[in-house]
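Here is the structure we will look at.
The values are calculated or read from the model by the stated rules, or taken from the named source; none is laboratory data. Keep in mind the model is a prediction, meaning the values are calculated, not measured. Don't worry about glycine lacking a Cβ; one is built from the backbone with ideal geometry, like all the others, and counts go over all protein chains shown.
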Amino acid sequence: MNNLPHMRPPTDKPHPVRRRALKVTAAICALGLLATATAIPIWTGTAGPAQSAPSPSSTTAPLPAVAQPCPSPAALTAAQLKTRAQQKLDPSPTRLPASTPARQALETVAVGPSGCDSIPGRFAYVHLLQWATDTAIAGNSATTRIVLFEEQRWRADDASGRAIRSRYPTGQQPTDDSTYYPGELDGPIGPIAADPAALTEHINANQPRFLGPTAVIRGLVSLLGWRTPNQAARTAILTVLRDTPGITYHASVTDRAGRTGIGVSATSADIRFLLIFNPTTGELLAYERAALAPPPGSDRTGPSVDDYQLFLVQSRANSSSNS
């Protein structure tokens, strides 16, 4: 990449926001038992058209899954980002239906094709919105506000890439455009592993699996925040989640774009980690980190979300350009 924007020290984490702000890394399973497929809409929350399931018939074989078109929402303008950030948002954790062990629920799943699977390109392309807490501490008290980020990320298999990040409130640097040269981005070289054993090694390199099921979820989010898994890789991710003790499954969960998916979660020390997936393709829809009890000394009065990432697109691109 010639005439590249300025460089900064590599990181897989979004911008920190003051003291105690979350470090974010910017995650896939699917349930073939659901009869309809929800298309991934743009950030506005408009639900995409659902595929109609074929009518049951004793004389015809089931029709093969048909992938919805790969979405391509444009980046928000500064005014749109401000409007989105100022929309009333419930800070409480996502309400989850009753859970069952992931191994039991995910034993017979089938990851279907995605319209993004056929998109060619040297770069994995990820477009997301992220709500993160910004906590200001004064003496023995703390005041918390929510900062909204929009990020577009490009990553090549040689660990080079680019990230364009906007935020509201703007702060001193409302937009950041960073370029990474080969080997500068964290994580393993190459695409996300399509073999469960290799994928487990990649997770362990970032979040050792012996730390428990929450580490597996955090490790997956770190990998998927910069990579686009194909159908085989999404199946491998499903397998790893299914085989991790302590992961629970939730049959119907709605994300902040109004999309209904399936969820997997794990909880440790009153912190719950949740992934929401497209129910037919296994594509990542959202990630949430929620404190189920207010931290000591904070101004919170109940459970609240510390970090929420809404994945708009996981596709591929021929160049690291937003044009």
Fill in the blank from the handout: Over segment 198-234, the set of residues hydroxyl-bearing (Ser, Thr, Tyr), under 28 Å from PRO120 (Cα atoms) and part of a helix (DSSP H, G or I) is THR200, SER222
Exercise for the section: Output the number of the condition that ALA194 fails; it satisfies all remaining conditions of (1) in contact with a Pro (Cβ under 6 Å, 6 or more places away or on another chain); (2) part of a loop (DSSP other than H, G, I, E, B). Expected result: (1)
Handout entry: Yes/no for THR133 being modelled with pLDDT under 90, more than 24 Å from SER321 (Cα to Cα) and under 19 Å from the mean Cα position of the chain (by Cα)
Key = yes
Practice task
For residues that are within 13 Å of the chain's Cα centre (by Cα) and not aromatic (Phe, Trp, Tyr), tally how many sit in segment 262-297.
Solution key: 13
Exercise for the section: All but one of (1) in contact with a Phe, Trp or Tyr (Cβ under 7 Å, 6 or more places away or on another chain); (2) exposed (fewer than 15 other Cβ atoms within 10 Å of the Cβ) hold for GLY171, so report the exception by its number. Expected result: (1)
Exercise for the section: Determine, yes or no, whether LEU238 is part of a helix (DSSP H, G or I) and among the aliphatic types (A, V, I, L, M). Expected result: yes
Completion exercise
Flagged pairs (Cβ under 7 angstrom, 6 or more apart or on separate chains; first in segment 94-122, of a type in the set (Val, Ile, Thr); second in a helix (DSSP H, G or I)) are VAL109/LEU238; VAL111/GLN231; VAL111/ARG234; VAL111/THR235; VAL111/LEU238
Problem - Tally, over segment 216-271, of residues that are within 23 Å of LEU89 (Cα to Cα), of a type in the set (Asp, Glu) and surrounded by fewer than 19 Cβ atoms within 10 Å (Cβ to Cβ) - result: 1
Exercise for the section: Run down LEU284, LEU274 and say which single residue is touching a His at 6+ places or on another chain (Cβ under 9 Å), crowded, with 24+ Cβ neighbours inside 10 Å and within 30 Å of PRO69 (Cα to Cα). Expected result: LEU274
Handout entry: Among residues of segment 275-291, those that are more than 20 Å from TRP226 (Cβ to Cβ) and among the aliphatic types (A, V, I, L, M), counted
Key = 2
Practice task
Could you tell me which numbered condition SER265 fails, if it satisfies all but one of (1) at pLDDT below 95; (2) part of a strand (DSSP E or B)?
Solution key: (1)
